[in-house]
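Step one of this worksheet: look at the structure below.
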Amino acid sequence: MTLHRGLNEWLEEVVALCKPDAVRWCDGSEGEFRELCRLMMDTGTLVQLNPTYRPNSYLARSDPADTARVEDRTFICCEKESDAGPTNHWEAPDKMRARLKELFSGCMRGRTLYVIPYSMGPVGSHIAKIGVQLTDSPYVVANMQIMARVGSRVLKYLGEDGPFVRGLHSVGHPLAEPRQPDLSWPCNAQNKYICHFPETREILSFGSGYGGNALLGKKCHALRIASAQARDEGWLAEHMLILKITPPGGKAHYVCAAFPSACGKTNLAMLIPTLPHWKVECLGDDIAWMKFGADGRLYAINPEAGFFGVAPGTSYETNYNAMRTLDANCIFTNCALTPGGDVWWEGMTEQPPLKLVDWLRRPWTPDCGRTAAHPNARFTAPARQCPVIADDWQDPRGVPVSAILFGGRRASVMPLVNESFDWRHGTFLGSIMSSERTAAATGNVGELRFDPFAMLPFCGYHMGDYFAHWLELGRQADPAKLPRIYYVNWFRKNETGKFLWPGYGENSRVLKWIIERCEGRAQAVDTPIGRLPTRDALDVDGVEVDPADLEVLLNCNREAWLKDLPAIRKHYDRFGARLPGELREELEALDRRLRERA
Ligand code: GTP
Ligand code: SPV
Ligand code: MN
């Protein structure tokens, strides 16, 4: 219960519309988590994993029609269509509200409506924000408990009139009386709507119970709504990990990195350096909110409290720290189940188990020709359990950022690492990011698309205005105090499709060069595309890379870049008059430099 009038009135309206059987205020306690998990075991939503292996951990298996974010069902509903821009689906707020009103009408019959007050960021931090999600999904409640700071303490902080983002969510599957048995994963696959009203800071999500569609604090609030708020208030809400890196005997630096979904944020955030005496610690793996401090530097917080990470490919070899984070108190979704009652996914062990139950609850053997886990199978894990969580990960002041990395999956063209000439050029590099699509969203895996700043599916307003916002913040800041901007690519391949760079822990070599650049200690060569490491500046001592491959990785390939320019021009043309002139100038300057004689 709360004395917050705005919240009470909104709740009353929603109850009248959705007609739940009961309302429950979530307190965020451990008892509540266990109680809801027991409830979900009764409905078949969860199975408890063998507590000998993973105490207090559960496996959920979703409806096969509800396994990832649905970008084509995601809408930005601002008053003017032109404000949503060419990269978002738009609908007029009134029209969308009317349509949703019909869908939400009676949609919670037979269910409990849960009230989840949550804070994105440490409660009380000047960078943090409050939201309240109303949902009929206990799975969402349990996941939100891990992913955000949830419950009574947030409500108390909100007081009687504090501002909050309103999020209404329903799986869209009412239970007709009397006592219709529930499905193990109720959803409404034919009628998914993930709708954002950035002007009124509201989210309405219907029909899906999965990940970013349903855990509204994450992509819907912390990126789509927050990006619009950040533009209005002069800060940044970004799809970025935050890590802390300490050179041997040196001073710690903080680095943020924006890679598209399933392109390596969780892995980089928890990396174990292969370089001796370098230390990497984790502050966040998916989202960063950044504000300028009184000293003129850019400070970042991780608004989340947990990791909703890609399971396939995660192993003790590739990401030991993630594996250890998963030891207890986790929810796994769409992974396979072993006969001993533990989870498994592709890549977890070198040899698959001889027998499994796959994510579709069918018997599975290694020769059956299907994957056992869904490619977008995920774990939900408390960040505090990460063995390398930085001691200052919850510092309400945030941490000062030394460098920002952009990157994606590019089999060709993009070198291993490239330093921008300055903030404006860095903004240019972010704006032309492209990456092969992954299983994190429904669509064609492998298809190359532009994904500026890894924000294509997450920017809550016109992408051209978003570029302008980045440029504007750079103009207002002291250039000497701005983070340096880099473009990295761990995914370069040879003709046979093999990765040229070993990646994972070896990426510490690239981080080392970046930190040494920030400290003015490492060499670079100017090329048409930016500053690349000189051959001796990148520490490749002991790494297994063919010298010829290294040449490719550290080379500015003028012909390949020139071939890419028409696509970049077309990409820019989409933004029309709202593409900042500076970026067009950057593109023409790049074109000129590429054509100059070497
Ligand atoms: P979201 O949670 O969807 O935002 O994804 P993410 O950016 O956190 O991606 P994640 O770290 O989970 O990595 C996704 C996939 O990329 C996994 O299958 C990893 O094994 C693979 N991957 C991560 N880092 C590297 C790398 O350095 N090299 C290669 N080749 N693959 C990598
Ligand atoms: C992503 O797709 O970038 C994710 C997973 O982090 S989800 O929460 O589903 O958006
Ligand atoms: Mn993500």
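Looking at the range 148-158, is at least one residue open to solvent by less than 30 Å² (accessible area, probe 1.4 Å) and in a loop (DSSP other than H, G, I, E, B)? Talk me through it step by step, then tell me what you get.
Going residue by residue through the range 148-158, those that are open to solvent by less than 30 Å² (accessible area, probe 1.4 Å) are 148-151, 154-155, 158.
Narrowing further to those that are in a loop (DSSP other than H, G, I, E, B): 148, 151.
There is at least one residue in the range 148-158 that is open to solvent by less than 30 Å² (accessible area, probe 1.4 Å) and in a loop (DSSP other than H, G, I, E, B).
Does ASP72 satisfy being within 27 Å of PHE453 (Cα to Cα), among the charged types (D, E, K, R), in the same structural domain as SER227 (by TED's automatic domain parsing) and surrounded by 15 or more Cβ atoms within 10 Å (Cβ to Cβ)?
Values: within 27 Å of PHE453 (Cα to Cα): yes; among the charged types (D, E, K, R): yes; in the same structural domain as SER227 (by TED's automatic domain parsing): yes; surrounded by 15 or more Cβ atoms within 10 Å (Cβ to Cβ): no.
Taking the combined requirement at face value, the residue does not satisfy it.
Have a look at GLU544, GLU551 and point out the one that is modelled with pLDDT of 95 or more and outside any strand (DSSP E or B). Working first, answer last.
Details: GLU544 fails: modelled with pLDDT of 95 or more.
GLU551 is the lone residue from the list that is modelled with pLDDT of 95 or more and outside any strand (DSSP E or B).
Exactly one condition in (1) within 15 Å of ligand 2 (Cβ to nearest atom); (2) touching a His at 6+ places or on another chain (Cβ under 8 Å); (3) in contact (Cβ under 8 Å) with a residue 60 or more places away in the chain is false for LYS218; which is it?
Going through (1) within 15 Å of ligand 2 (Cβ to nearest atom); (2) touching a His at 6+ places or on another chain (Cβ under 8 Å); (3) in contact (Cβ under 8 Å) with a residue 60 or more places away in the chain one by one, LYS218 breaks only (2).
Any idea which of ALA328, ALA373, ALA377 is farther than 26 Å from TYR254 by Cβ, within 16 Å of ligand 3 (Cβ to nearest atom) and not assigned by TED's automatic domain parsing to the domain that holds VAL140?
Working: ALA328 fails: within 16 Å of ligand 3 (Cβ to nearest atom); ALA373 fails: within 16 Å of ligand 3 (Cβ to nearest atom).
Exactly one residue qualifies, and that residue is ALA377.
Is one or more of the residues making up the range 318-326 of a type in the set (Val, Ile, Thr), within 15 Å of ligand 2 (Cβ to nearest atom), within 27 Å of GLY209 (Cα to Cα) and in contact (Cβ under 8 Å) with a residue 12 or more places away in the chain?
First pass over the range 318-326, keeping only residues of a type in the set (Val, Ile, Thr): 318, 325.
Filter again for within 15 Å of ligand 2 (Cβ to nearest atom), leaving none.
Scanning the range 318-326, I find no residue that is of a type in the set (Val, Ile, Thr), within 15 Å of ligand 2 (Cβ to nearest atom), within 27 Å of GLY209 (Cα to Cα) and in contact (Cβ under 8 Å) with a residue 12 or more places away in the chain, so the answer is no.
Right, ARG61: outside the structural domain of LEU175 (by TED's automatic domain parsing) and more than 30 Å from ASP161 (Cβ to Cβ) or not?
Numbers: outside the structural domain of LEU175 (by TED's automatic domain parsing): yes; more than 30 Å from ASP161 (Cβ to Cβ): yes.
In short, yes.
Based on this model, can you work out whether PHE406 counts as farther than 27 Å from ARG61 by Cβ, at pLDDT 95 or above and not assigned by TED's automatic domain parsing to the domain that holds SER29?
Working: farther than 27 Å from ARG61 by Cβ: yes; at pLDDT 95 or above: yes; not assigned by TED's automatic domain parsing to the domain that holds SER29: yes.
Considered against the rule, which asks whether it is farther than 27 Å from ARG61 by Cβ, at pLDDT 95 or above and not assigned by TED's automatic domain parsing to the domain that holds SER29, PHE406 comes out as yes.
Give LEU46, LEU39, LEU59 a once-over and let me know the one that is at pLDDT 95 or above, more than 16 Å from ligand 2 (Cβ to nearest atom), within 17 Å of THR338 (Cα to Cα) and in contact with a helix residue (DSSP H, G or I) (Cβ under 7 Å, 6 or more places away or on another chain).
Values: LEU39 fails: within 17 Å of THR338 (Cα to Cα); LEU59 fails: in contact with a helix residue (DSSP H, G or I) (Cβ under 7 Å, 6 or more places away or on another chain).
Result: LEU46 is the single residue among LEU46, LEU39, LEU59 that is at pLDDT 95 or above, more than 16 Å from ligand 2 (Cβ to nearest atom), within 17 Å of THR338 (Cα to Cα) and in contact with a helix residue (DSSP H, G or I) (Cβ under 7 Å, 6 or more places away or on another chain).
Can you tell me which residues in the range 321-335 are outside any loop (DSSP other than H, G, I, E, B) and not β-branched (Val, Ile, Thr)? Explain how you work it out, then say what you get.
Of the range 321-335, the ones outside any loop (DSSP other than H, G, I, E, B) are 321-325, 331-333.
Matches in the range 321-335: ASN321, ALA322, MET323, ARG324, PHE332.
If the requirement is being within 21 Å of SER105 (Cα to Cα), among the basic types (Lys, Arg) and not in a loop (DSSP other than H, G, I, E, B), which of these qualifies: ARG166, ARG179? Even if it seems obvious, please write down each step before you answer.
Values: ARG179 fails: not in a loop (DSSP other than H, G, I, E, B).
Result of the check over ARG166, ARG179: ARG166.
Criterion first (part of a strand (DSSP E or B), on the phi < 0 side of the Ramachandran plot, open to solvent by less than 10 Å² (accessible area, probe 1.4 Å) and assigned by TED's automatic domain parsing to the domain that holds PHE259) does TYR486 satisfy it? Don't jump to the end; show me each part of the working.
On the way: part of a strand (DSSP E or B): yes; on the phi < 0 side of the Ramachandran plot: yes; open to solvent by less than 10 Å² (accessible area, probe 1.4 Å): yes; assigned by TED's automatic domain parsing to the domain that holds PHE259: yes.
In short, yes.
Among the residues of the range 253-288 satisfying the criterion of being at positive phi and out of contact with any strand residue (DSSP E or B) (no Cβ under 6 Å at 6 or more places or on another chain), which is nearest to ligand 3 (Cβ to nearest atom)?
Among them, the one singled out is GLY264.
How many of the residues in the range 291-313 are under 30 Å from GLU472 (Cβ atoms) and not aromatic (Phe, Trp, Tyr)? I'd like the intermediate steps shown before the answer.
Keep residues of the range 291-313 that are under 30 Å from GLU472 (Cβ atoms), which gives 291-304.
Narrowing further to those that are not aromatic (Phe, Trp, Tyr): 291, 293-298, 300-304.
Final tally of qualifying residues: 12.
Can you list the strands (runs of 3 or more DSSP E) lying wholly within the range 364-482 that have 2 or more residues being open to solvent by less than 10 Å² (accessible area, probe 1.4 Å)?
Working: elements: 378-382, 399-407, 417-419, 434-436, 448-450.
Qualifying strands (runs of 3 or more DSSP E): 378-382, 399-407, 417-419, 434-436.
The values are calculated or read from the model by the stated rules, or taken from the named source; none is laboratory data. Everything numeric in this text was worked out from a predicted model, so none of it was measured. Backbone-built Cβ (ideal geometry, glycine too); neighbour counts: all protein chains shown. When the accessible area is computed, the model is the full protein with side chains, heavy atoms only, and any ligands, DNA or RNA have been set aside. Shrake-Rupley method; radii C 1.70, N 1.55, O 1.52, S 1.80 Å.
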